[in-house]
Amino acid sequence: MTDQTSRKIVLASRPQGRPTAENFRLETAPIPKPAEGEVLVQVKFLSLDPYMRGRMSDAKSYAEPVQIGQVMEGGTVAEVLESRDSNFKQGDIVLAYAGWQSHAVVKGKALRKIDTGSEPVSTALGVLGMPGFTAFAGLLTIGQPKPGETVVVAAATGPVGSAVGQIAKIKGARAVGIAGGPKKVAGLRYTFGFDVALDHKAPDFAEQLKQACPDGIDVYFENVGGAVWEAVLPLLNNFARVPVCGLVSGYNAQGGVAEGPDRMPGLMRDVLTKRLTIRGFIQTDFKDQMPQFAKEMKAWLEDGSVKYVEDVVDGLENAPEAFIGLLDGKNFGKLVIKVS
Ligand SMILES: NC(=O)c1ccc[n+]([C@@H]2O[C@H](COP(=O)([O-])OP(=O)(O)OC[C@H]3O[C@@H](n4cnc5c(N)ncnc54)[C@H](OP(=O)(O)O)[C@@H]3O)[C@@H](O)[C@H]2O)c1
């Protein structure tokens, strides 16, 4: 593509609850020029991820919020158009934190050349990228599944959850996947090979989960929180491990803690008497494990023990709607925007 202008989606306003199209604005600008040590890239694929909801809010978190009028943040796969860093040349395909835009000038130091082997370059944003790594590091370091144990994960057709279930199986555990709606439940069984697939929207979901875990739960990889967590907690075994990765059911919630009885004493009693390990993590905590992850995940893709699904939406202008849908569960598999 030889566009002479760059397109970008900026944060127009902060959402109250569920984001709307009005929270985003599409702008155009001249294509920027790189200075010494910088590289001009054209974005090919933009990753859309649940964490971006947090960046739209100015509530205190582990990362700084996007400011009003700033380009929305995001990981991308991009092509080098012009380089003033000797480590990169025109045509290189790189991983860049370029955000929701068609072109960006980025520091060469912040770029990484992509090697996805025989897989498409977009997988550097999914199974071979941040979400796959999150599953690998969180499950193996904190969850530590053992042969014969039961591992439960929700948002299980997503890039994190689907990798969690499949890695659990590789380690000899029994994988119970939870997703929303019949199409996703079928995908859990037939695409990703979960031993059991459950729909969290079923009215008797908690009972179904109990039936599906006759020996209790040894590892619960927490992606969603809310009603799924409520159903899981009573089923956790002694010495169960809970890597707390995300709480997507609450990302659009407004206000503070939900009303109702204070359940903290009961939770702490369970933590003590069942000797639970509940540990939150951000994937960058484990960045030392990235080379090991890249090696192992590539081998699993090659031998077929890990499968992935990409949900590719065409056009940068469609990113807001696709992102809003992600938080509602409309995506099936890793959501990426094909930008150019
Ligand atoms: N800690 C870290 O470093 C880190 C890194 C990456 C991702 N994460 C977290 O990992 C989780 C999964 O990320 P992902 O990229 O793989 O997302 P994803 O699964 O592609 O998308 C989010 C999914 O959440 C599910 N969901 C939404 N509301 C729900 C609810 N009320 N109850 C149950 N499920 C609900 C939906 O699936 P269904 O239709 O199946 O319900 C939706 O498709 C997120 O919480 C994310 O924030 C954390």
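When D204, D218, D195 are checked against the criterion of being modelled with pLDDT of 95 or more and over 23 Å from the mean Cα position of the chain (by Cα), D204 stands alone in meeting it. The strands (runs of 3 or more DSSP E) found entirely in region 181-277 that carry 1 or more residues being open to solvent by 40 Å² or more (accessible area, probe 1.4 Å) are 236-244.
For region 281-335, the tally of residues that are in contact with a Gly (Cβ under 7 Å, 6 or more places away or on another chain), assigned to a strand (DSSP E or B) and either open to solvent by less than 20 Å² (accessible area, probe 1.4 Å) or more than 16 Å from the ligand (Cβ to nearest atom) (or both) stands at 1. Please count how many residues of region 1-25 are in contact with a strand residue (DSSP E or B) (Cβ under 8 Å, 6 or more places away or on another chain), modelled with pLDDT of 95 or more and assigned to a loop (DSSP other than H, G, I, E, B). The number of residues fulfilling the criteria is 1. Total residues in region 299-312 satisfying the condition of being touching a residue at least 60 places away in the same chain (Cβ under 8 Å) and not basic (K, R): the figure is 9.
In region 322-338, the residues that are at positive phi reach residues that are near the ligand (Cβ under 7 Å from one of its atoms) with C-beta atoms within less than 6 angstrom, at least six apart or across chains, in these pairs: G329/G180. Inside region 143-157, residues that are in contact with a strand residue (DSSP E or B) (Cβ under 8 Å, 6 or more places away or on another chain) and open to solvent by 10 Å² or more (accessible area, probe 1.4 Å) make up a count of 6.
Of everything in region 1-28 that is surrounded by fewer than 13 Cβ atoms within 10 Å (Cβ to Cβ) and of a type in the set (A, V, I, L, M), the residue that is farthest from Y251 (Cα to Cα) is M1.
Scanning region 213-247 for residues being within 18 Å of V164 (Cβ to Cβ), more than 13 Å from the ligand (Cβ to nearest atom) and charged (D, E, K, R) gives a total of 2.
Pairing residues of region 44-60 that are farther than 22 Å from P120 by Cβ and open to solvent by 10 Å² or more (accessible area, probe 1.4 Å) with residues that are more than 14 Å from the ligand (Cβ to nearest atom) and among the basic types (K, R), at Cβ distances under 8 Å and at least 6 apart in sequence or on separate chains, gives S57/R14; D58/R14.
Of all positions in region 109-132, none carries a residue that is open to solvent by less than 40 Å² (accessible area, probe 1.4 Å), more than 20 Å from the chain's Cα centre (by Cα) and of a type in the set (D, E, K, R).
Of all positions in region 248-258, none carries a residue that is in contact with a Phe, Trp or Tyr (Cβ under 6 Å, 6 or more places away or on another chain) and either of a type in the set (S, T, Y) or within 14 Å of the ligand (Cβ to nearest atom) (or both).
The values are calculated or read from the model by the stated rules, or taken from the named source; none is laboratory data. This one's a predicted model, so the numbers in the text were calculated from it and none came from an experiment. Every residue, glycine as well, gets a Cβ built from its backbone with ideal geometry; the counts of neighbours run over all protein chains shown. What goes into the accessible areas is simple: the full protein's heavy atoms, side chains included, and nothing from ligands, DNA or RNA. Shrake-Rupley method; radii C 1.70, N 1.55, O 1.52, S 1.80 Å.
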